[in-house]
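Every number in this text was worked out from the coordinates using simple rules, so none of it is lab data. As the structure is a prediction and not an experimental result, all values here were calculated from the model. Every residue, glycine among them, receives a Cβ derived from its backbone with ideal geometry; neighbour counts consider all protein chains shown.
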Number of protein chains: 2
Amino acid sequence: MLCHMNGIMFYPLLEEAGDFINSSVRGKKLIICIGLFSVEYLGRSSSNLGLGERVLMVKEDGSVLVHRRVGYEPVNWQPAGCIIRCGVRDGKLLLLSERRRPKEFLKVVFDKVYLITSTSLVDEARFEIGPVENEFYDLLMAHPEYIEEGLRIVSRQKSMPSGIPDFTGKDSKGNYVIIEVKRSMAGVDSVKQLDRYMKSQRGHFRGILCAPSITKSALLILKKKGYDFRRLNLKALSSLVAFKPYEETLDRHLEEGGS
Amino acid sequence: MLCHMNGIMFYPLLEEAGDFINSSVRGKKLIICIGLFSVEYLGRSSSNLGLGERVLMVKEDGSVLVHRRVGYEPVNWQPAGCIIRCGVRDGKLLLLSERRRPKEFLKVVFDKVYLITSTSLVDEARFEIGPVENEFYDLLMAHPEYIEEGLRIVSRQKSMPSGIPDFTGKDSKGNYVIIEVKRSMAGVDSVKQLDRYMKSQRGHFRGILCAPSITKSALLILKKKGYDFRRLNLKALSSLVAFKPYEETLDRHLEEGGS
């Protein structure tokens, strides 16, 4: 993995900066520009921001952000899919970002460009909400009520001839249960997996598939097989994660770095 | 006005990048860093983002943003007031951002830093929602119903001995009206201004102060004097602004720049 810097310019002429932006937009690069500029927005509403030093970011999908000195929110932004054009007009560098539906314009007028860089980022990682994998099963083990009220866990990752179900347990009515848990949306494969465990069992077992969400087709098959879906509230589960490891890391750092 | 670049580093060692970040945080600079890193968040919820190339921005007020290749929204963020610490641990550069209330941690773990820069931005401009000044009065002239239903404008910026009120008009009941309009919150000064115009008039006139909002003390005096406040819906008014000038600018640019 290597970050391919398309280039970087310090205090470029406005014409140079304009050419740089246009070629970076064509090359679908991420552009970061620090400069002195004003911003106008016109669309569902309208806004004006006078001259000041700010950061402009244009992403490869055509989304645009203007960030000021402070505050986590951009002062102006446009979502992906904008058409971005740039050129010098009357001694200023004009960047126009046009959104087609709904019709919206963002107009950035540069007096000066201090720094401009563009780059292609390689980033295939998935953004996962909820605890990390090992914590996740620990939390459910300690709090089976997040799977189903009244559930008690009997075994975790118990080896069966047909595989290793996440949990086995006993429900509030005393039924034995086999539980397959997914951290993201459950699909038909998840139902098949649960079905394999269930078929290898003798005696009466309930089957539970527990996940934050489930596809329509998976839910259909699940119900046909007579198993239950239990929606997992990842956000609530996350709130149970202990802060301790973070605080320790920070404290350790503060101690060591305090010299 | 000049943008003071604190410095910039390309492909620094992680130790160098860590020192750079710590000194920039102490100096209350805006930091932009392009690198290969993973992110963990823990707070009201929790999230994990595996290794990938991204942009990290830390603002002078301690707000933190992580931006991926695409999408206008940051994948992770923390608001102003975070405590930011940075240091190398086990061969990785660790950046911890701690929010006190509610307790939240953002942990950024760098494998590589490609580019890092920090700067102090000078930006005193006010962010104004609504049409620019000249358009603003044109729009109200053409759409007096945004001031009061049934109102007709008789004169605009008519010189009086006591000054120049924005509009005079006739209301739905045939009363003559003097109207003072403000583009932002009206204060006691605005009431005094309207009062001057009213006092210089003979005959029966209604007084209207029209603004997006008004201070409590101004409203009190206004009512005591027997004048009316009319709330201006800036967003609705903005939606009336024509796209034409923007489209023309873009078209002109596309034609000229199409070579």
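Comparing A:Gly27, A:Gly71, A:Gly226 in a Gaussian network model of chain A where C-alpha atoms under 10 Å apart are linked, the largest mean-square fluctuation is found at A:Gly71.
Specify whether the C-alpha gyration tensor of segment B:4-120 places it in the rounded, prolate or oblate class, a ≥ b ≥ c being the square roots of the eigenvalues: rounded for a/c under 1.5, otherwise prolate if a/b is larger than b/c and oblate if not. If you can, show how the numbers build up before the last one.
Working: a/c = 1.42, a/b = 1.21, b/c = 1.18.
The shape class here is rounded.
Mean partner shielding of peptide A:230-240, defined as the number of other chain Cβ atoms within 10 Å of each residue Cβ, is 2. Looking at segment A:23-53, the trypsin sites (Lys or Arg not before Pro) that sit in a DSSP loop and have at most 12 other Cβ atoms within 10 Å of their own Cβ are A:Arg44. Under the classification rounded if a/c is under 1.5, otherwise prolate if a/b is larger than b/c and oblate if not, where does the protein assembly as shown fall, given a ≥ b ≥ c as square roots of the Cα gyration tensor eigenvalues? In terms of gyration-tensor shape, prolate. For the set A:Lys103/B:Lys29; A:Lys158/A:Lys224; A:Lys59/A:Lys112; A:Lys170/A:Lys224; A:Lys182/B:Lys103, the pairs lying more than 32 angstrom apart at their alpha carbons are A:Lys103/B:Lys29.
Using 1/(1 + (r/R0)^6) with R0 = 25 angstrom and r between the beta carbons of B:Asp111 and A:Glu73, what's the FRET efficiency to the nearest 0.05?
Calculated transfer efficiency: 0.30.
Relative contact order for chain B using alpha-carbon pairs under 8 Å, separation at least 6, rounded to a whole percent?
Details: 494 pairs, mean separation 38.5, N = 259.
RCO, chain B: 15 percent.
Once the chain from B:Glu133 to B:Leu240 is taken as fully extended at 0.36 nm per residue, the excess over their C-alpha distance is 37.1 nm.
Report, for chain B, the % of DSSP beta bridges that are antiparallel, rounded to 5. The partial results should precede the final answer.
Values: 60 of 71 bridges.
Rounded to the nearest five, the antiparallel share is 85 percent.
Spin-label model, B:Arg44/A:Arg152: points 7 Å from Cα along the beta carbon direction are separated by 3.7 nm. With each label modelled as a point 7 angstrom along the Cα→C-beta vector, the A:Lys103-B:Leu219 pair spans 3.7 nm. Compared with the direct C-alpha span, the chain from B:Asp19 to B:Met185 gains 55.3 nm at full extension, assuming 0.36 nm per residue. Assuming a ≥ b ≥ c are the square roots of the Cα gyration tensor eigenvalues, decide whether segment B:87-132 counts as rounded (a/c under 1.5), prolate (otherwise, with a/b larger than b/c) or oblate. Because a/c hits 1.5 or more and a/b fails to exceed b/c, segment B:87-132 counts as oblate. List the pairs from B:Lys107/B:Lys235; A:Lys173/A:Lys225; A:Lys92/B:Lys192 whose alpha-carbon separation is above 31 Å, in the order I gave them. Violating the 31 Å Cα-Cα cut-off are B:Lys107/B:Lys235; A:Lys92/B:Lys192.
If you average the sequence gap of Cα pairs under 8 Å that are 6 or more apart and divide by the length of segment A:99-243, what percent do you get for the contact order? Display every interim value, and only then the final one.
On the way: 202 pairs, mean separation 27.9, N = 145.
That works out to 19 percent.
Of the trypsin sites (Lys or Arg not before Pro) found in segment B:124-169, the ones in coil according to DSSP and having at most 15 other Cβ atoms within 10 Å of their Cβ are B:Arg126, B:Lys158. One residue of chain B places its C-beta nearer than any other to the axis carrying B onto A; that residue and its whole-Å distance are B:Ile32, 3.
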